[in-house]
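Each remark here refers to the structure printed beneath this line.
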Amino acid sequence: MTTKWNANLYDQKHGFVSKFGGSLVDLLAPQKNEEILDVGCGTGDLAHEIAALGAKIQGIDASHDMIIAAQQKYPDITFHTMDATVLNMTNQFDAVFSNAALHWMKQPDDVIRNIYNVLKQGGRFVAEMGGHGNIASIVWALQKCMEELKLSYIEDYFPWYFPTLEEYQSKLEGAGFTVEMITLYERPTPLLGEDGLRNWLKMFSNNMLKHLSKTEKEQIDAKCEKLLQSKFYQNHQWVADYCRLRFVAIKK
Ligand code: BEZ
């Protein structure tokens, strides 16, 4: 399954700092000259932030469009189009960092094993991803609208993996990591503008709705807005029900 990204639209995304942990880069605490890999780097903003702190960062992303955009924005940083399920470097990095990317990787065992392998002994894996319950209301609304319109919902087209804390911790430990910290928390996330939900759906529901016509998709968008409005639209602001899984794991 592939997901086509629109790098420009993606770049209009906000940075939202949760009351739980401040920035993920602070949690990574990059040191000068440390070798760090950013997995699912998108258009490179956090890699740039990490580089500015003196670390030697490389970014990878499965989307070539994202990597092209990252290279244009930050020509001094090395970026590669690479899928984390086929990473084949070994014992190279002091840390692996990943923000809002691991939930797109539906083969978590391969990803975790590869990340373990690229780390040096004692290296750390610091990441945040969508966790169990993430965007549950949006997914519920999409399913309900499709049902009401008598359109088929195809389970295989669901593009994300939102694990429970226990499940992901067990996978990390199974691969040989020691989990130093792991937390699952709600992080209500503002979607910019009056059309925030519609824009979110346009960007992210593509895969789930790929068997439908443009008109059917527009009907779904309109119905979803109506269904979610009372709970998630206040003071001209849409807020999505994001849940984050954040952890620090060490390669033994
Ligand atoms: C997330 O960051 O949790 C997310 C973003 C887009 C689609 C699904 C989840």
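The values are calculated or read from the model by the stated rules, or taken from the named source; none is laboratory data. Treat the numbers as computed from the prediction; the structure is a model and nothing was measured. Virtual Cβ from ideal backbone geometry, glycine too; neighbours counted across all protein chains shown. With ligands, DNA and RNA removed, areas are computed over all heavy atoms of the protein, side chains included. Shrake-Rupley method; radii C 1.70, N 1.55, O 1.52, S 1.80 Å.
Tabulated values for the structure
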| read-out | value |
| --- | --- |
| Residue count, the range 221-252 (criterion: of a type in the set (A, V, I, L, M, F, W, C) and within 16 Å of the ligand (Cβ to nearest atom)) | 9 |
| Filter result for the condition that a residue is touching a Phe, Trp or Tyr at 6+ places or on another chain (Cβ under 6 Å), outside any strand (DSSP E or B) and open to solvent by less than 60 Å² (accessible area, probe 1.4 Å), over 134, 114 | 134 |
| Qualifying positions in the range 154-164 - more than 15 Å from the ligand (Cβ to nearest atom) and assigned to a helix (DSSP H, G or I) | 155, 156 |
| Search result, residues across the range 140-152 that are free of Cβ contacts under 8 Å to residues at least 12 places away in the same chain and surrounded by 13 or more Cβ atoms within 10 Å (Cβ to Cβ) | 140, 143 |
| Count - residues of the range 121-153 that are of a type outside the set (Gly, Ala, Ser) and within 16 Å of the ligand (Cβ to nearest atom) | 10 |
| Conditions (1) open to solvent by less than 40 Å² (accessible area, probe 1.4 Å); (2) over 17 Å from residue 125 (Cα atoms); number of the one not met by residue 82 | (1) |
| Matching residues in the range 172-207 - criterion: being closer than 17 Å to residue 105 by Cβ and either within 16 Å of the ligand (Cβ to nearest atom) or surrounded by 17 or more Cβ atoms within 10 Å (Cβ to Cβ) (or both) | 172, 175, 177, 204, 207 |
